[in-house]
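Okay, so here's the structure we're looking at.
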Amino acid sequence: MGSTIISDNNNRAAAGVSGASKSMTMLIVFRALMGLGAAAVQRGKYMGVISAANGMGQVMGPLIGGLITDAMGWRWTMYINVPVLVVTAIPLTWLVRLKTPEGSIKEKLRRIDYPGIVTMCGGIVLILVGLNNSTTSGWSSVKTLLPIIIGVVLFVAFVYVEHKRTEPLLPLKLLRYRNVYTNMLGAMITGIIMYAGIFYIPSLFVALYQRTPKTAGIDTWPWMIGVVVASTGSGFLITKTGVYRPFLWIGSTLLIIGSFLMYSVRANSSFPIIAIYIALVGFGIGFRLTPVTIAAQAAVTKPDMALTTALINFSRSVGGLLGVAMFKGIQQGVFEPSAISLSAQFPDFSSQINMVFKGQTTSLALITDDYARESVTQAFVHSLNVIFLVSGCLACLGFLVSVFVKHIDLSVKNAATEQEETVICEKSPS
């Protein structure tokens, strides 16, 4: 119960500070803290309900976000989380019944894995900062490389710290199960591709069809419907059949096809065609959301299921955060040479082209010369094509990883797994 309330308080605080961010770096750091808080409240036994709620949130999120952005600005998409989380904290406090850990408050505070928290959070934040700096300073800049290198070092330190702790934030014994580490990697890949869609598909519609943020959010409905239908449908079928690996393979295949089709999008592509492409991507993501968690849970005993579920969701969230930062660097790196050339070719619209380069795609509508606007749109769409190409390659990697997922009977605890866990526990440092 304590960890649930603490993570909810963390979300409220981080949401408020995110809205007050003065730079992209601040926004990334505090948005990462929101993600860390959300990962802690996951529980395996409520996975079906949570998956459905997440799906509905993904359907409504872009639309509501577009409405809020149009009416009050992007900062309020962060501020709005504060009252929502305050309201949800009331039933969370009174209705959720969890076993209270033994010991006094002082003893519980001493048992918290502070070194693990610092090294893990520090590593994630520094890597995000480095990836974000790549958009302004380039990939070879010290401002880009130094935070990334230090972040990687902190992750190495995190593994060492967790190996020595008696109550680690991440019990390394779980990573000895193939279904845990393969599905953590698979969830991270899914998160990268999913957040790329959330972030860049609306931008594509703004560029191609001069949509507002609101209408661009509405236009993502084929992608969102695919996510919701496939995630809930696969969960239902897995419950009925006990088979989960085929859904990972189907989802990966649809992701590969959809992502590479999105790579073929051009400035004159019609919305119905793109709607089919993004629906394939949405169904691919949806078919992967539930099975990765179930496959990982199948490998562990009941006491470790909640932590395993949290690890899968955490991996997906980290993948999304890293993906957005990474793809921003890739997109701007591809678009920058064209932006410089087009600014020289069309000096009257250099300020609008610069705004598009910085991510304000709505500035395309301010370019009044048709030829200039078409040229900039083509260059911008090409930069998005590269993102979808990378997503397709990552989907291929996700398919390869899913091949190594073992099938473990969901109805009967695998005796070999039980015995293996006993051996691992005996070998774990005390």
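The values are calculated or read from the model by the stated rules, or taken from the named source; none is laboratory data. Here the structure is a predicted model, which is why all the values come from computation and not from measurement. All Cβ positions, even for glycine, are placed from backbone atoms using ideal geometry, and neighbour counts span all protein chains on display.
Residues to consider are L400, L394, L410, L384; find the one that is farther than 21 Å from T182 by Cβ and aliphatic (A, V, I, L, M).
Numbers: L400 fails: farther than 21 Å from T182 by Cβ; L394 fails: farther than 21 Å from T182 by Cβ; L410 fails: farther than 21 Å from T182 by Cβ.
Matching residue, one of L400, L394, L410, L384: L384.
For region 286-318, which positions are of a type outside the set (D, E, K, R) and either without any contact (Cβ under 8 Å) to a residue 40 or more places away in the chain or outside any helix (DSSP H, G or I) (or both)? Spell out the reasoning first.
First, the residues of region 286-318 that are of a type outside the set (D, E, K, R): 286-287, 289-301, 303, 305-315, 317-318.
Once the filter is applied, which keeps residues that are of a type outside the set (D, E, K, R) and either without any contact (Cβ under 8 Å) to a residue 40 or more places away in the chain or outside any helix (DSSP H, G or I) (or both), region 286-318 yields A299, V300, T301, P303.
Which of the numbered conditions does V334 fail, given that it passes all the others? Conditions: (1) farther than 26 Å from I124 by Cα; (2) at pLDDT 90 or above.
(1)
All but one of (1) in a helix (DSSP H, G or I); (2) in contact with a Ser or Thr (Cβ under 9 Å, 6 or more places away or on another chain); (3) surrounded by fewer than 24 Cβ atoms within 10 Å (Cβ to Cβ) hold for L322, so report the exception by its number.
(2)
Regarding L255, is this residue within 18 Å of V403 (Cα to Cα), touching a Ser or Thr at 6+ places or on another chain (Cβ under 9 Å) and at pLDDT 90 or above? Spell out how you get there, then give the answer.
On the way: within 18 Å of V403 (Cα to Cα): yes; touching a Ser or Thr at 6+ places or on another chain (Cβ under 9 Å): yes; at pLDDT 90 or above: yes.
So L255 fits the description; yes.
Of all residues in region 359-407, how many are in contact with a Lys or Arg (Cβ under 8 Å, 6 or more places away or on another chain), surrounded by 20 or more Cβ atoms within 10 Å (Cβ to Cβ) and hydrophobic (A, V, I, L, M, F, W, C)?
3
Can you tell which of G197, G233 is crowded, with 22+ Cβ neighbours inside 10 Å, part of a helix (DSSP H, G or I) and of a type in the set (G, A, S)?
Matching residue, one of G197, G233: G197.
Which helices (runs of 4 or more DSSP H) does region 93-185 wholly contain that include 2 or more residues that are at negative phi and surrounded by 16 or more Cβ atoms within 10 Å (Cβ to Cβ)? Reasoning before the result, please.
On the way: elements: 105-111, 114-137, 142-164.
Qualifying helices (runs of 4 or more DSSP H): 114-137, 142-164.
Tell me, please, whether a residue that is buried (at least 23 other Cβ atoms within 10 Å of the Cβ) and closer than 22 Å to G61 by Cβ can be found in region 260-271.
Step one: filter region 260-271 for residues buried (at least 23 other Cβ atoms within 10 Å of the Cβ), giving 262.
Filter again for closer than 22 Å to G61 by Cβ, leaving 262.
Yes, there is a match, as at least one residue in region 260-271 is buried (at least 23 other Cβ atoms within 10 Å of the Cβ) and closer than 22 Å to G61 by Cβ.
Yes/no matrix, rows are residues, columns are (1) among the polar types (S, T, N, Q); (2) out of contact with any Ser or Thr (no Cβ under 9 Å at 6 or more places or on another chain):
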{"residue": "G138", "(1), (2)": "no, no"}
{"residue": "S141", "(1), (2)": "yes, no"}
{"residue": "T144", "(1), (2)": "yes, no"}
{"residue": "I150", "(1), (2)": "no, yes"}
{"residue": "F158", "(1), (2)": "no, no"}
{"residue": "V161", "(1), (2)": "no, no"}
{"residue": "E167", "(1), (2)": "no, yes"}
{"residue": "L175", "(1), (2)": "no, yes"}
